[in-house]
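This report concerns only the one structure given below.
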Amino acid sequence: MPASQTLLAPARLFLSGNDAVARAVWEAGTRVAAAYPGTPSTEIVEVLSRYPDLYTEWSVNEKVALEVALGASMVGARAFCAMKHVGLNVASDALMTTTVTGTEGGLVIAVADDVGMSSSQNEQDSRYWGRFAHVPVLEPSDSQEAYAMTLAAFELSERFKVPVILRLTTRICHVKGLVQTGSRIEVEPAGFVKDPRHWVMVPGNAKPRLPKMLERDAALRAETEVSPLNEVIDGNDRRVGFVTSGAAFMHVRDAFPDAPVFKLGLSCPAPLERLRAFAASVDTLLVVEETEPLIETELKAAGIACRGKDVLPSLHELVPDILKPAVARMQGEIVEPPPHVAAQQVFPRPPTMCVACPHLGVYYTLSQMRNIIISGDIGCYTLGAGHPWNALDTCISMGASMGTALGMDKGRGAADANKKIVAVIGDSTFMHMGMQGLLDITWNRGNVTVLLLDNRAVGMTGGQDNPGTGRDIHGEERSRVDFAQLCEALGVRRERIHVVDPYQLPVLFKTIREETKIEEPSVIITNRPCVLIGDYKPTTPYVVQEDRCTGCGNCVEVGCPAIHVTRRDKVVKASGKEVDLSFVRIETSACTGCGLCVQPCAPEAIVHAEPVQTLQFIRK
């Protein structure tokens with residue numbers, strides 16, 4: 001990543017796919033780049049922000065990011081935006097009209113699919129957007145291609161006056177490889193040309209542009225038949241020929257190094273005539289694509305015989321261990337199951353929140369409440385659905401906590417008549433897509449209590465800044481959203497808005513209990529920063545006095561990973577009830593002194609560590 005002028009010169013660098021895309025965007029002379037953080041695409045614009053000579057921003061959501069990039073394209077500048085796969089759902093409203101208007105300056109949209117669902121709620125295939133929106137799709141298979149195809153995407157965009165999708169996957173985004181880089185070129189914007197028939201998409205102006213879109217489709221189909229981005233890698237074993245793209249190409253080459261492969265770099269539109277000729281040169285054509293049978297369906301529709309998802313799974317990555325037995329079975333071979341090897345017992349490590357995370361107190365409190373339905377959202381706080389809290393009942397999409405909570409309130413019957421409805425949402429998610437939901441709640445008089453968890457960061461993707469932090473992508477001071485005033489502006493009465501310290505459990509519990517009793521919208525805003533950003537200031541850590549610990553386990557229910565159970569026991573009370581005991585210690589080197597575990601500790605066995613004790617733990 002560029003930290004000096006030396007690294008801006010052409011060189012052979014060891015880059016991830018995200019790094020490589022960022023480098024190419026800069027070299028292409030791009031003037032504007034926008035994104036909303038989302039794994040696995042986050043690092044692209046994060047890295048771009050460190051390059052000179054272009055404007056970069058974190059946008060409030062993906063739709064805004066695409067619109068910012070489109071605006072730059074309108075004035076003739078090269079522009080770029082990045083998002084994860086579900087982010088394009090948000091941006092699709094702008095995308096589906098941009099394909100009608102077309103573009104001026106090159107406009108590239110990097111979309112990162114999370115094949116394997118390492119950090120996403122679904123595994124949707126973004127290649128479909130190319131067909132739906134009538135735009136070309138490029139698919140790199142390694143870091144060098146991610147770099148080269150990004151440069152090619154800008155050229156393609158400007159030749160055909162169309163936005164271009166660069167379809168990445170998690171493996172391409174995060175795996176590193178050697179990349180030969182070049183120098184930046186300067187592209188001077190031609191300037192905005194006032195032409196309402198081009199840019200004002202009322203029906204009378206949009207209708208005449210649709211035939212132009214179809215003409216562009218035909219031109220792109222001709223381009224893909226001759227494009228060097230689509231290539232055949234010959235092989236001697238012609239029993240099976242493969243059609244593939246992206247990371248799946250690498251898996252195919254690893255599993256079948258002697259087989260012929262048609263590698264799709266420009267996969268939309270598909271080069272059907274070249275594929276027809278390739279199919280005629282092999283005994284069996286097998287389409288290996290992650291994840292949907294898109295190319296397979298198009299080939300069959302064109303009368304080209306092929307195999308695909310009847311042989312291969314439609315889920316997750318198609319790695320060699322999946323490809324090899326699947327192809328063997330397709331060829332009629334008997335595939336013996338692998339010899340049974342006893343799985344190595346690994347201590348379970350489910351995802352959890354950080355030590356002293358300000359969300360811990362929120363979920364500890366919610367877990368103590370009864371007759372409550374908790375509508376959740378996307379972010380670190382989604383972990384509240386897990387152990388030991390089990391305090392989140394739904395999680396659908398960015399901002400969905402608001403709408404689903406209102407729907408529950410309006411749709412409830414006798415079974416839920418006495419239940420309180422709480423929506424939990426983070427600060428960045430609230431600004432992304434949650435504000436509209438809160439407005440809907442207030443406008444339609446929903447009986448919902450909203451917990452707005454303001455930790456001053458986009459925590460799930462690495463602590464990026466947002467309008468609620470008062471800093472931009474470069475860390476420079478900017479205006480900071482006042483969430484209490486914002487919620488009041490959205491219709492919540494001032495007396496129903498509370499700002500609380502999530503480390504003060506009695507206050508938090510009392511506030512949630514009282515607000516859920518009020519039959520009108522209310523908002524409770526927590527105000528402690530994420531422990532992984534510079535705004536957080538740790539204090540003196542705690543230790544457990546073992547001779548005073550009774551094993552009550554109350555501190556364990558807080559869920560802080562600095563608390564370790566050292567011994568478990570069972571006792572039988574006089575009533576005959578069996579009680580589990582959990583004796584604990586605190587990893588003082590990890591503890592930041594938030595005090596959450598102290599408050600539920602009945603025997604007061606948790607105390608501040610002495611300076612000498614703290615130093616000893618740090619040395620260990």
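The values are calculated or read from the model by the stated rules, or taken from the named source; none is laboratory data. Source: prediction; values computed, not measured. Quick reminder, even Gly has a Cβ in these numbers, built from the backbone with ideal geometry, and neighbours come from all protein chains shown. These area figures cover heavy atoms from the full protein model, side chains too; ligands, DNA and RNA do not enter into them. Shrake-Rupley method; radii C 1.70, N 1.55, O 1.52, S 1.80 Å.
Counting only DSSP H runs of at least 4 residues, each contributing -39500 (n - 2.57), and dividing by the residue count of the chain, the helix-based mean residue ellipticity at 222 nm comes to -9500 deg cm²/dmol. Magnitude of the charge dipole for the stretch 385-469, about its Cα centre and with charges confined to Cβ atoms of Lys, Arg (+1) and Asp, Glu (-1), is about 260 debye. In sequence order, the stretch 261-271 has phi-based couplings of 9, 9, 9, 8, x, 9, 8, 9, x, 6, x Hz under the Karplus curve 6.51 cos²θ - 1.76 cosθ + 1.60, θ = phi - 60°, and Gly or Pro positions carry x. Based on alpha-carbon atoms, the Kirkwood radius and the radius of gyration of the stretch 198-256 give Rg/Rh equal to 1.28. Note: the stretch 462-524, Cα convex hull, 110 Å³ per residue. Along the stretch 227-241 the Karplus relation, 6.51 cos²θ - 1.76 cosθ + 1.60 evaluated at θ = phi - 60°, assigns HN-Hα couplings of 5, x, 5, 9, 9, 9, 9, 6, x, 7, 8, 9, 5, 10, x Hz to successive residues, with x for each Gly and Pro. The accessible-area ordering, largest first, of the residues Met460, Met431 stands as Met460, Met431, per a 1.4 angstrom probe.
Remark on Asn230: its backbone amide H falls under 5 Å from those of Gly265, Leu266, a criterion applied only to residues 5 or more positions apart or on other chains, H modelled at 1.01 Å from N. Positive-end ranking of Val202, Ile172, Leu285 along the dipole of the stretch 172-317, with charges on Cβ about the Cα centre, is headed by Val202.
Normalised by 2.2 N^0.38 Å, where N counts its residues, the alpha-carbon radius of gyration of the stretch 320-465 equals 1.46. The charge dipole of the stretch 289-441, taken about the Cα centre with unit charges on the Cβ atoms of Lys, Arg (+1) and Asp, Glu (-1), comes to about 600 debye, rounded to the nearest 20.
Here the chain is assigned +1 on the Cβ of each Lys and Arg and -1 on the Cβ of each Asp and Glu. Its dipole about the Cα centre then comes out at about 840 debye. Ranking Val202, Val422, Val531 from most to least accessible surface, computed with a 1.4 Å probe over the protein chains only, gives Val202, Val531, Val422.
Other residues within the sphere of radius under 15 Å centred on the Cβ of Tyr536, judged by their own Cβ, net out at -1 (K and R +1, D and E -1). Near Val499, the amide H atoms lying under 5 Å from its own belong to Ile525; only residues 5 or more places off or on other chains count, and H is placed 1.01 Å from N.
Extents of the stretch 17-85, largest first, come to 30, 24, 16 Å (Cα atoms, principal axes, whole angstrom). For the chain, the longest principal axis of the Cα atoms and the long axis of helix 400-411 meet at an angle of about 70 degrees. Remark on Thr169: its backbone amide H falls under 5 Å from those of Asp113, a criterion applied only to residues 5 or more positions apart or on other chains, H modelled at 1.01 Å from N.
Spatial offset of the stretch 115-145 relative to the stretch 240-277 amounts to 16 Å, using the alpha carbon center of each. Each residue of the stretch 248-254 was assigned a 3J(HN,Hα) from its phi angle through the Karplus expression (A = 6.51, B = -1.76, C = 1.60, θ = phi - 60°), giving 4, 4, 5, 5, 5, 5, 5 Hz with x at Gly and Pro. Would you mind estimating how fast the stretch 247-402 diffuses translationally, via Stokes-Einstein at 4 °C and 1.567 mPa s with the Kirkwood radius over Cα pairs, in µm²/s? Calculated translational D: 65 µm²/s. Every Cα-Cα pair of the stretch 339-411 was included, and the share exceeding 15 Å stands at 62 percent. Among the listed pairs Lys537/Lys570; Lys161/Lys194; Lys419/Lys570; Lys63/Lys212; Lys161/Lys263; Lys207/Lys263, give every one whose C-alpha distance is greater than 28 Å. Check vs 28 Å cut-off fails for Lys537/Lys570; Lys419/Lys570; Lys207/Lys263. Within straight-line reach of Lys510, meaning a Cα separation under 20 Å, sit the following aspartates and glutamates at least 8 residues removed in sequence or on another chain: Asp454, Glu495, Asp501, Glu519, Glu520, Glu557. For Leu151, neighbours were defined as the other residues whose beta-carbon sits under 12 Å from its Cβ, and their charges (Lys and Arg +1, Asp and Glu -1) total -1.
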